[in-house]
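A short worksheet on the structure shown next.
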Amino acid sequence: MLEVLAARRDGHPLISAHRGGAAYAPENTMAAFRNGAAIGADLLELDVQLTADGRMVVIHDHSLDRTTNGHGPVHAQTLAQLRELDAGSWFGPSFAGERLPTLDEVAAWAAGRVRLNIEIKSGPDTLGDLPEQVVATCRRYGIVQETLVISFDHVAIRRVKEAEPGLAGAINFTARLADPLGAARAAHANILNMSAGFISRELCELAHGAGLGVQCFMDNPERAVVLADMGVDFMDSDHPDVVRAAVRGRPR
Ligand code: G3P
Ligand code: MG
């Protein structure tokens with residue numbers, strides 16, 4: 001079993017700091033990742049996209065406008081241009097000067113410290129060789145066994161799994177699928193990552209019976225306990241410390 005899936009064995013779900021823990025620091029920056037690790041997140045979730053010169057940069061939106069002092073599409077600028085931007089001031093003056101990280105920068109820092117939950121965010125038209133670059137970075141830093149790669153682009157996950165079966169892959173979806181197990185099989189995925197409203201005890205049992213994990217976003221600690229009892233294996237949260245304390249406090 002992949003290490004990141006086996007880690008669930010103690011009976012508690014693993015909690016990802018969504019975008020590093022977006023409630024506490026500017027999302028997808030090193031400041032957020034350092035804080036996410038410090039407050040005890042099991043994994044750090046981050047979003048990766050390709051730049052105009054085909055390099056990997058960590059940012060959620062396809063536009064620079066909300067979380068940096070830049071403008072326009074991420075994929076229209078080179079990595080050197082993107083590295084000039086301020087990705088922290090929008091969140092608070094104490095974060096001024098935070099830069100958009102590269103995936104390699106995050107992976108080098110995270111190796112041996114905390115697991116990563118890497119979301120491939122480029123759309124099909126801008127995907128390029130991003131799946132294969134993500135695999136290469138995970139190999140370069142020796143983090144294949146403890147890393148989870150997720151995406152709404154299920155073809156991207158299939159390409160990751162074809163390049164490196166040792167990486168755990170999750171398919172994200174926000175519509176209710178008629179055949180989630182079939183969708184996972186088609187992408188060679190290990191985990192179903194869906195809207196929490198789709199999750200039931202039956203769905204978790206079905207997934208586990210097929211050797212799959214179940215993941216969702218969850219920021220409400222009371223609801224997180226209910227989902228953990230249903231059998232959810234991974235949760236992403238902007239408040240990972242709060243959600244983790246809630247699910248660890250429940251009886252197994
Ligand atoms: O749980 C996955 C989550 O990261 C997907 O949503 O839009 O925040 O990247 P988003
Ligand atoms: Mg994400």
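The values are calculated or read from the model by the stated rules, or taken from the named source; none is laboratory data. It should be emphasised that the depicted structure is a prediction, and the values quoted were computed from it without experimental measurement. Cβ placement follows ideal geometry from the backbone for every residue including glycine, while neighbour counts extend to all protein chains displayed. With ligands, DNA and RNA removed, areas are computed over all heavy atoms of the protein, side chains included. Shrake-Rupley method; radii C 1.70, N 1.55, O 1.52, S 1.80 Å.
Data overview
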read-out	value
Residue that is surrounded by fewer than 23 Cβ atoms within 10 Å (Cβ to Cβ) and either within 16 Å of ligand 2 (Cβ to nearest atom) or within 16 Å of the chain's Cα centre (by Cα) (or both), where the choices are His60, His75	His60
Filter result for Ala163 (in contact with a Ser or Thr (Cβ under 8 Å, 6 or more places away or on another chain) and not β-branched (Val, Ile, Thr))	no
Qualifying residue in the range 44-58 (condition: more than 16 Å from ligand 1 (Cβ to nearest atom) and assigned to a helix (DSSP H, G or I))	no
Close pairs (7 angstrom Cβ cut-off, 6 or more residues apart or separate chains): under 15 Å from Asp47 (Cα atoms) and among the charged types (D, E, K, R) in the range 106-118, open to solvent by less than 10 Å² (accessible area, probe 1.4 Å) and assigned to a loop (DSSP other than H, G, I, E, B) anywhere	Arg115/Thr147
Qualifying residue in the range 105-115 (condition: within 16 Å of ligand 2 (Cβ to nearest atom), charged (D, E, K, R), open to solvent by 10 Å² or more (accessible area, probe 1.4 Å) and within 30 Å of Glu146 (Cβ to Cβ))	yes
Test: residue in the range 189-200 that is away from ligand 1 (no atom under 15 Å from the Cβ) and open to solvent by less than 20 Å² (accessible area, probe 1.4 Å)	no
Per-region count, the range 116-131, residues touching an Asp or Glu at 6+ places or on another chain (Cβ under 9 Å), away from ligand 1 (no atom under 15 Å from the Cβ) and among the charged types (D, E, K, R)	0
Candidate set from the range 203-252 (those that are assigned to a loop (DSSP other than H, G, I, E, B) and touching a His at 6+ places or on another chain (Cβ under 7 Å)); member that is most open to solvent (accessible area, probe 1.4 Å)	Asp219
